[in-house]
């Protein structure tokens, strides 16, 4: 047994079906891009990595709710194209889905990625009305590192956030433990990253309703960080719900976001139908 096998952050070691789930979500995403009305590769900034895909419900588009999803992958893997399938749940709930791309570490630092997702939100607020969306009905979600990035859209540095609600799935809210994880060699989280970008040290927009969800079968840090972060948000006056998703791990939870009838998809559908 390698030293890696004990790392609670190395998801592949704890999810036997990791590769099967990734292959499944990539397949589902291809089908979504073929079957759901969309506008691909909308630029929210000058860099080639600064694009988003917009997916629409069938029918007339008139001031529809808008939902922005940020993918995970420890800030260093995956892309928006891998997560198009999340738009299935969002569009069926009657909202426009905005699936966001961003640059990946270690080519860029955390500060760049945080700035990118904030500019993506700004683009949505400024331009989604041109696509039939209502910027006053904006919700966000993210998985894992994407949940971390989603918090950066309604923290004290991005006020007023203009976000109504957020679903944070299997999120990372304290970056400190990642410095001694397998990620140390891959993305080298710095002390400054920990200080500036750990959500547990931020203040947040008290008007945002936040759903913090964790798969029951996730490793201990994901449960512990969710509990600490939820308590902190409650102290700051945010409306918080906490859900433990039964019989779900770090990867099946995000797959289920696009799978009708699952608990995870139901959380998302309720959130977007604001």
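Readers should treat all values here as calculations from the given coordinates under stated rules, not as data from a laboratory. Model, not experiment: these values are computed from the prediction. Methodologically, a virtual Cβ is constructed for each residue, glycine included, from the backbone with ideal geometry; neighbour enumeration extends over all protein chains shown.
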The simple spin-label model distance between residue 231 and residue 76, using points 7 Å out along Cα→Cβ, in nm, is 3.1
By the Cα gyration tensor axes a ≥ b ≥ c (a/c under 1.5 gives rounded; else a/b larger than b/c gives prolate, otherwise oblate), the shape of region 122-274 is oblate
Plugging the Cβ-Cβ distance of residue 182 and residue 130 into 1/(1 + (r/R0)^6) at R0 = 45 Å yields, to the nearest 0.05, a FRET efficiency of 0.55
Across 185, 40, 213, the residue with the highest GNM fluctuation in the chain (Cα network, 10 Å cutoff) is 185
Restricting to Cα pairs under 8 Å and 6 or more apart, the percent relative contact order of the chain works out to 19
Expected sort for 14-24, 221-231, 87-97 on mean C-beta neighbours within 10 Å, highest first, is 87-97, 221-231, 14-24
Dividing the mean separation of Cα pairs under 8 Å (6+ apart) by the residue count of region 213-270 yields a relative contact order in percent of 38
Restricted to region 28-187, the DSSP antiparallel beta bridge percent, nearest 5, is 35
Computed over region 3-272, the Cα gyration tensor eigenvalues, each multiplied by 5 and square-rooted, give semi-axes in Å (largest first) of 26, 21, 19
In Å³ per residue, the alpha-carbon convex hull of region 1-53 encloses 124
Taking the alpha-carbon centre of each part, the distance from region 118-158 to region 34-107 in Å is 11
Computed Rg/Rh for region 1-127 (Cα atoms; Rh = Kirkwood radius) stands at 1.02
Expected unfolding gain across residue 192-residue 20 under the 0.36 nm per residue rule, minus the alpha-carbon gap, is 58.3 nm
The chain, Gaussian network, Cα under 10 Å: of 65, 220, 206, the residue fluctuating most is 220
Sorted on mean Cβ neighbours within 10 Å (highest first), peptides 261-268, 134-141 come out as 134-141, 261-268
Only helices counted: for the chain, with every DSSP H run of 4 or more residues adding -39500 (n - 2.57) and the sum spread over all residues, [θ] at 222 nm is -10500 deg cm²/dmol
Quick calc: nm separation of the 7 Å Cα→Cβ label points for residue 159 and residue 122 -> 1.9
Both in Å, the radius of gyration and Dmax of the C-alpha trace of region 109-209 are 14.3, 46
